[in-house]
1. When residues of the range B:153-172 are filtered for being more than 14 Å from chain A (Cβ to nearest Cβ) and either among the aliphatic types (A, V, I, L, M) or within 24 Å of A:N214 (Cα to Cα) (or both), how many remain?
2. In the range C:36-131, which strands (runs of 3 or more DSSP E) lie fully inside it and hold 1 or more residues that are under 29 Å from the mean Cα position of the chain (by Cα) and at pLDDT 75 or above?
3. Go through the range B:98-111 and give me each residue that's of a type outside the set (F, W, Y) and surrounded by fewer than 17 Cβ atoms within 10 Å (Cβ to Cβ).
4. Which residues, counting only those in the range A:45-66, are more than 14 Å from chain B (Cβ to nearest Cβ) and in contact with a helix residue (DSSP H, G or I) (Cβ under 8 Å, 6 or more places away or on another chain)?
5. Look at C:I304 and say whether it is assigned to a helix (DSSP H, G or I) and not aromatic (F, W, Y).
6. Yes or no: C:V173 touching a Lys or Arg at 6+ places or on another chain (Cβ under 9 Å) and modelled with pLDDT of 80 or more?
7. Being modelled with pLDDT under 85 and either of a type in the set (G, A, S) or buried (at least 23 other Cβ atoms within 10 Å of the Cβ) (or both) is the filter here; which residues of the range C:299-317 pass it?
8. Does C:S286 qualify as being touching a Gly at 6+ places or on another chain (Cβ under 7 Å), at pLDDT 85 or above, within 24 Å of C:G141 (Cα to Cα) and assigned to a helix (DSSP H, G or I)?
Amino acid sequence: MLLELRNIRKSFPVKGGSLSRPRSFVRAVDGVDLALAAGENLGLVGESGCGKTTLGRIIVKLIAPESGNILFDGKDITSTPGRQFREYRQKMQMVFQDPYSSLDPRFTIYRILEEAMTLEWEEYPAPAKRRERAAQVLKTVGLSPGMMERFPHEFSGGERQRIAIARALVLNPKLLILDEAVSSLDVLIQKQILDLLDRLQKEFQVTYLFISHNLRVVARISRRIAVMYQGRIVEAAPTRELLNNPLHPYTKELLAAAVDYKTSVREEAVAIGPHARLADKGNGHWVLAD
Amino acid sequence: MSSNLLVVEDLTVTVAQKEIVSAANLEIPFLSVTALVGGSGSGKTTMGLAVLKLLPLGFNVRQGRIWFDGREVLDLSEDRMRLLRGKEIGMVFQEPLYAFNPVFSIGDQIAEVLRAHTPLNLRQRRARILELLNLVGLPNPQRAAGNYPHQLSGGMRQRAMIAQAIAAGPKLLIADEPTSNLDVTLQAKIMELFRKLKDELKLSILLITHDLGMVAHMADRVAVMTGGKIVEQGMTKDVLKDPRHPYTRTLMETIEV
Amino acid sequence: MTKNAEHLSEFQIALRGFTQNRLAVSCAYVLLVLYAGALLAGFFAPYSFQDEDRNYSYAPPTQVKIFDNGRFVAPYVPGMKLTFDEYNARIYVIDPVQKYSIRFFVPGDTYRLFGVFPCRHHLFSVDSPGRIYLLGADARGRDVFSRLLYGAQVSLSIGLIGVFISFAIGLLVGGISGYYGGRLDNFLMRLCEMVMMVPGFYLLLALRAAVPDNFNSLQVYFAIIIILSFIGWAGLARIIRGMCLSLREREYVLAAKGLGLSDIKIIVRHILPHTLSYSIFAVMLSIPGYILGESGLSLIGLGIQDPYASWGNMLSDAMSIVRIKFAPWILWPAFCIFLTVACFNVIGDALRDCLDPMLKSEGENT
């Protein structure tokens, strides 16, 4: 298993007054178990606020989980201290949603890519080597190395997202987490980026964890899909299986919305019982049931 | 001409010597949903703004004519245009947070539209606001009317903006990427709302979007736009069954699952 | 995307708007002239700041003549004699016989150029016993023009150095406070508020009183700078802290964390540069405050002391309406202060106008 998550929990305090202790907490991630095998792209789907972004950030340790374990390549990295964690940072990188704010507008493209080499600084002792690597990685994502002296605002959304992907690839990570990486792009550009990701996977043996609210996009690139709702995984199955045979009511709703642009008729939120557990329905298909 | 609510003929819009819209033709029949599909930079938003003569500074209409309900639009004075905007044509934008004034409540902002275009008195306006908010599916209209824009979630804000756009009872609603910032589930709900409004209010809709999938499920007619030009136009089922232009075919590839 | 145009960051593009504002650019030139005068005071000034001649107390500005009996000659300065009229008021009479040519690149009093290199040459002067008072003389017969230049050295430099120190402290405190948040933030902000609570001028006087009496002039100069900086950092720190609180949520900051950069590197490379759009014009607009602070202190005798010149202490002479009536040229330092403050304000406003939309758009992209 490349990545394993066991019972991850994370709550955030609901903002009360600044002087008073916060009264209530929001359970952003409420006991999530997840497993990702090398080469098997996993799609994580859910609405805004379901906790998928928080989960992504917990995996790369940008947020610390309250409880639970993260295992990478079999090693427990939950409580690895900062300095030792650096070698894991090199192995997993993240691409963010907004190409307009994930690149520092004051940095040239070269500087942005150079910064990515920080963790492996010894590999690039001379500026010439760094330029070479930057040019190499830009070519990989289909951009011209001549763009290195330009600034992010001179590029379109799709191009910026390619630069963000290039930045993530500099360190040759094994795991790439894409947090709504195509959600703010046009459908045509989305397709181009997804095609690029396909190509990169074949070339570099990198595994994707693709987070999105759109089942259609996720299905395009994932071998397996996990559906998240209110901090919990409610269904997980291989892609075709999930699309042809959705079992959880929330999954059915997502599917109808993403593919047919139809809403479901339900009036209240889908209920999740406190003792609900994921049950195996065979074929690698797991559903949350009481 | 008489069966069309909006006709755009040979419209060319330029900014700084560059053509954003080139000789574009568009027809929107009464009681239909027409989609204008294209990627970013295709000129579709500019076309929508041109109909309302709300082009930003620096944009010029080099040539072309626009008829709305039989009347020529481009010749109208600013005063006459103001009567058209809101009362006969409403517009909904992509980011509701920017379309609303953050220091006024939703109710106040809808009231502003009613004051400008309808002869209703205070009590009638209050009732109409609640009626509108209920029509767009906001769960607690009384509370929503008193809320400020930042207090509502994204989906609810979008509904409030639709309420404001239809407040004065327009014949045409221009929706410019109305759901691009929303989740798929909210997107589906807004699409359903549009269908409902079209049937109940006899509203025609010009849907500007980049998502051909949305077009397939929503629109009766579609116009495909790229590089400022309308490259294909017709009934949705015809265009999707037999796309002629290579750009349309490229777009078709994006709706496979 | 243009192929051959230069590639500028958004910041540089915004600053271009400044160069198109003619008023602001003119003010920048005026300041340049003033600062150049201060820097090269020794060269431009014919006399040292303490060169007195009581025979010429309150002498009016000497007239520079270029015609002699209708003939065009090299510029010269007529002699002046002090006499008293029927009311025993002092008047200066021009002595047509004495003529002193203005000479250029004249050796005179020694001075130190930039405080380092000893020099003897002045741009212009007249042979003694002639005196050239371009802007008149003060009570002790010291040349106002020369003292203005030497005074500029003090007044203008205190503004710059003081603001620079405040700015550095403000950025540091604000950056750390905003980035880390929590208890550290709380503590630092309460500290800022305590400093801001005390009314500015009283704090200034109190701190000045704490400076020992036996400090020489140079030490007093530095003490004043430190005092002024101490009062000024808190306001800037609070605003920088507010900006950093929101900047640390930006995705490029998260990306940098994900790439393993240390906190200090992130603050310095990614967060503080984005506060520059605000800091630059805040600094410009606060320099006048420092200049006026020093002038105020010197005016009431607590700043730079005689014989050293500062625009403030030159004005303490002008606190009598009688003297102003008879020797209005002693108000020149006031005009210089006014000009400097006005120029900084115009430049600060222009900077704010061109950087503001950038500030706004940086905020919108989140």
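The values are calculated or read from the model by the stated rules, or taken from the named source; none is laboratory data. The structure presented is a predicted model; accordingly, all values stated were derived computationally and were not measured. As a convention, Cβ positions derive from the backbone with ideal geometry for all residues, glycine included, and neighbour counts pool all protein chains shown.
1. Within the range B:153-172, residues that are more than 14 Å from chain A (Cβ to nearest Cβ) and either among the aliphatic types (A, V, I, L, M) or within 24 Å of A:N214 (Cα to Cα) (or both) number 9.
2. Passing ranges, in order: C:90-113, C:117-126.
3. Matches in the range B:98-111: B:N101, B:P102, B:V103, B:D108.
4. Once the filter is applied, which keeps residues that are more than 14 Å from chain B (Cβ to nearest Cβ) and in contact with a helix residue (DSSP H, G or I) (Cβ under 8 Å, 6 or more places away or on another chain), the range A:45-66 yields A:R57, A:V60, A:K61, A:L62, A:I63, A:A64, A:P65.
5. So C:I304 does not fit the description; no.
6. Spelling it out, C:V173 is indeed touching a Lys or Arg at 6+ places or on another chain (Cβ under 9 Å) and modelled with pLDDT of 80 or more.
7. Hits for the range C:299-317 are C:G301, C:G303, C:I304.
8. Against the criterion (touching a Gly at 6+ places or on another chain (Cβ under 7 Å), at pLDDT 85 or above, within 24 Å of C:G141 (Cα to Cα) and assigned to a helix (DSSP H, G or I)), C:S286 does not qualify.
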